[in-house]
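Below is one structure, written out as structure tokens, with a few remarks after it.
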Amino acid sequence: MQLTITRSNQLKPKPAANKLGFGTIFTDHMFNMDYSVEKGWHNPRIEPYAPFVVAPSVMVFHYGQGIFEGLKAYRTGKGQIQLFRPKENFKRFNYSARKLCIPPIDEAFALHALKELVKIERDWVPDAPGTSLYIRPTIIATDPFLGVRASHTYRFFIILCPVGAYYPEGFNPVKIMVTREHVRAVRGGLGDTKTMGNYAASLLAGEKAHQAGFTQVLWLDGVEQKYVEEVGSMNILFVIGNELVTPMLNGSILPGITRDSVLALARSWGIKTIERRISIDEVFAAHQAGALTEIFGSGTAAVISPVGELKYEDKTIKVGQGQSGPLAQRLYDTITDIQYGRVAAPMGWIEPVD
Ligand SMILES: *Cc1c(COP(=O)(O)O)cnc(C)c1O
């Protein structure tokens, strides 16, 4: 497939590093590709970032047939640009595609197109500490049709936005609360899929948590509402005794690439890591027994997010006196050192762009 490139002749000014925030500023170019039954995926192109006009009837608006990914490009101290485990993102993208009846993409071609796009936008990759270029591949169903079935046409696009440091002043442990009023996903559903509807389903619980003074919701399983699943857009890990424990991938938890990286690193350091069911009662009992020393989330945006306080029904526990624990800190330091090229990466984790 031939990638065509049309350059913008109106380049936007680049924002100052302290004005970046998250997800509000977009670069000059984007990637687009279309799907039809006759042509398959076709017409891959990099072109100026622009709104696209679609019919109000396109299927993604009505039935949510769409998927996305999230990853980042990092600028190293030497000025090179690199991606962190992008093949895993495109693999997961195709997994999500299968679950939503979206035709699969050629993963190698998608990575090639992404690298070309990032190369064109290389000046948009910020260099201040902790900043990066966030990458959002997305596929939406575009048939103008109100019947319920899988669409016959799709648009695959990739947009980029420079993002600020998540922790400009060092780790900031968050307060999270368990909800029993809402569930995010159930076995056999779409919880393990990066699709828009999971986020739609999480908003109301998230708003209630904010009103109660918490940053995020810790979701329990949708069947028994007993076992811990994940937090908002992060997986969750616990240090209990000398073990790193995290819920096993049961089909309703998103298989995070950061989660996988955390487990691989911890294992390589000789830390016992266990993926299993873990009930919320067990977490509170471990705290009671003095065995629960750390809780933290993992995800692309924050890398590691220490949890300082956890509320469940009428009980609240504090973890690590509001400080980040040593394992959370070590994992954060190591993963960001790998991402920014300060230390050698395990095999295949770093994909240079240029
Ligand atoms: C993307 C996502 C994660 C984290 O995945 P990473 O690959 O580590 O960024 C966790 N939970 C949900 C619901 C997600 O959408």
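The values are calculated or read from the model by the stated rules, or taken from the named source; none is laboratory data. Keep in mind that what you see is a predicted model, and the values were worked out from it rather than measured. Cβ atoms come from the backbone with ideal geometry, glycine included; neighbour counts cover every protein chain shown.
Just a few scattered comments:
- Count of the range 165-185 residues, restricted to those that are closer than 15 Å to Val228 by Cβ, loosely packed, with under 15 Cβ neighbours inside 10 Å and not basic (Lys, Arg), is 0.
- Summed over the range 230-248, the residues that are of a type outside the set (Gly, Ala, Ser) and surrounded by fewer than 16 Cβ atoms within 10 Å (Cβ to Cβ) give a count of 3.
- Yes/no for Gly308 being within 20 Å of Glu243 (Cβ to Cβ) and touching a residue at least 40 places away in the same chain (Cβ under 8 Å): no
- Cβ pairs under 7 Å, 6+ apart, first in the range 251-269 and over 20 Å from Ile240 (Cβ atoms), second within 8 Å of the ligand (Cβ to nearest atom) and of a type in the set (D, E, K, R): Leu254/Lys194; Leu254/Glu230; Pro255/Arg92; Ile257/Glu88
- Extreme residue, nearest to Arg267 (Cα to Cα), among residues of the range 240-251 that are outside any strand (DSSP E or B) and away from the ligand (no atom under 12 Å from the Cβ): Asn242
- Residue match in the range 127-139 (condition: touching a Pro at 6+ places or on another chain (Cβ under 8 Å), farther than 15 Å from Phe26 by Cβ and assigned to a strand (DSSP E or B)): no
- Thr193 in a strand (DSSP E or B) and surrounded by 15 or more Cβ atoms within 10 Å (Cβ to Cβ): no
- Qualifying position, being surrounded by fewer than 19 Cβ atoms within 10 Å (Cβ to Cβ), in contact with a strand residue (DSSP E or B) (Cβ under 7 Å, 6 or more places away or on another chain) and not charged (D, E, K, R), among Ala266, Ala291, Ala301: Ala291
- Contact annotation: residue pairs with Cβ atoms under 7 Å, 6 or more positions apart or on different chains, pairing a residue in the range 186-209 that is within 13 Å of the ligand (Cβ to nearest atom) with a partner that is among the aromatic types (Phe, Trp, Tyr), are Lys194/Phe68.
- Checked against the criterion of being within 15 Å of the ligand (Cβ to nearest atom), under 15 Å from Gly299 (Cα atoms) and touching a helix residue (DSSP H, G or I) at 6+ places or on another chain (Cβ under 7 Å), the candidates Leu218, Leu237, Leu263 yield just one match: Leu237.
- Note on the range 286-325: among residues that are in a helix (DSSP H, G or I) and more than 15 Å from Val239 (Cβ to Cβ), the one that is nearest to the ligand (Cβ to nearest atom) is Gly322.
- Residue in the range 164-174 that is touching a residue at least 12 places away in the same chain (Cβ under 8 Å), more than 16 Å from the ligand (Cβ to nearest atom) and of a type in the set (A, V, I, L, M, F, W, C) present: yes
- Condition check for Ala201: of a type outside the set (S, T, N, Q), surrounded by fewer than 20 Cβ atoms within 10 Å (Cβ to Cβ), farther than 29 Å from Leu249 by Cα and not assigned by TED's automatic domain parsing to the domain that holds Ile25: no
- Number of the condition not met by Val343 [criteria: (1) surrounded by fewer than 20 Cβ atoms within 10 Å (Cβ to Cβ); (2) of a type in the set (A, V, I, L, M, F, W, C); (3) part of a strand (DSSP E or B)]: (3)
- Within the range 79-105, tally of residues that are buried (at least 16 other Cβ atoms within 10 Å of the Cβ) and touching a strand residue (DSSP E or B) at 6+ places or on another chain (Cβ under 8 Å): 16
- Being part of a loop (DSSP other than H, G, I, E, B), outside the structural domain of Ser252 (by TED's automatic domain parsing) and either in contact with a His (Cβ under 7 Å, 6 or more places away or on another chain) or buried (at least 22 other Cβ atoms within 10 Å of the Cβ) (or both) holds for only one residue in Leu146, Leu114, and it is Leu146.
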